[in-house]
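The numbers here are math on the coordinates, done by the rules we state, and not lab data. Bear in mind the structure is a predicted one, so any value in this text is a computation, not a measurement. Glycine gets a Cβ as well: all are built from the backbone with ideal geometry, and neighbour counts include every protein chain shown.
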Amino acid sequence: MDISFKTKDHPETVTVQFDLPDTFAGLVEKFGEDSVFSAGRGAMVISLQAFGRRHIEKGQEEIQSLISTWNPNERAPAVKQTAFEKATGALAKLSPEEKRELLNKLSAG
């Protein structure tokens, strides 16, 4: 199986080969039951955290109710952001120098 990855600091994609079984039984045979269980549980915790973050503005009871009925096989729709929300989020990541440069460009235009 091809496994690809890159980082912000290293944007060139690196692809490697890894023999990752494509069945549950194959995973258990290769890595052992404890490892497969631990990896699966860890992945579910991360998914639950992401699901909870999408609902963070709701009250504790409503979040608990949503979490209690969570199913890892159901994908939630992505949270839609307005163009303003996207731009504001991107601007927050700019350095002070980048913000000044952008402001100068916008003022000149």
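Looking at region 67-87 only, could you name the residues that are over 19 Å from the mean Cα position of the chain (by Cα) and under 21 Å from residue 50 (Cα atoms)?
At the first step, the residues of region 67-87 found to be over 19 Å from the mean Cα position of the chain (by Cα) are 68-69, 82-84, 87.
Of everything in region 67-87, those that are over 19 Å from the mean Cα position of the chain (by Cα) and under 21 Å from residue 50 (Cα atoms) turn out to be 68, 69, 82.
Among the residues of region 60-81, are any touching a residue at least 12 places away in the same chain (Cβ under 8 Å) and either charged (D, E, K, R) or at positive phi (or both)?
Here is the first cut: in region 60-81, the residues touching a residue at least 12 places away in the same chain (Cβ under 8 Å) are 66-67, 70, 72, 76, 79.
Among the residues that remain, those that are also either charged (D, E, K, R) or at positive phi (or both) are: none.
Checked against the condition, which is being touching a residue at least 12 places away in the same chain (Cβ under 8 Å) and either charged (D, E, K, R) or at positive phi (or both), region 60-81 yields no hits at all.
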### Query
So which residues in region 23-35 are under 16 Å from residue 1 (Cβ atoms) and aliphatic (A, V, I, L, M), if there are any at all?
27
### Query
Which of the residues that make up region 24-39 are touching a helix residue (DSSP H, G or I) at 6+ places or on another chain (Cβ under 9 Å) and of a type in the set (Ser, Thr, Tyr)?
35
### Query
So residue 23 fits all but one of (1) over 18 Å from the mean Cα position of the chain (by Cα); (2) polar (S, T, N, Q); (3) over 19 Å from residue 73 (Cα atoms); what number is the exception?
(3)
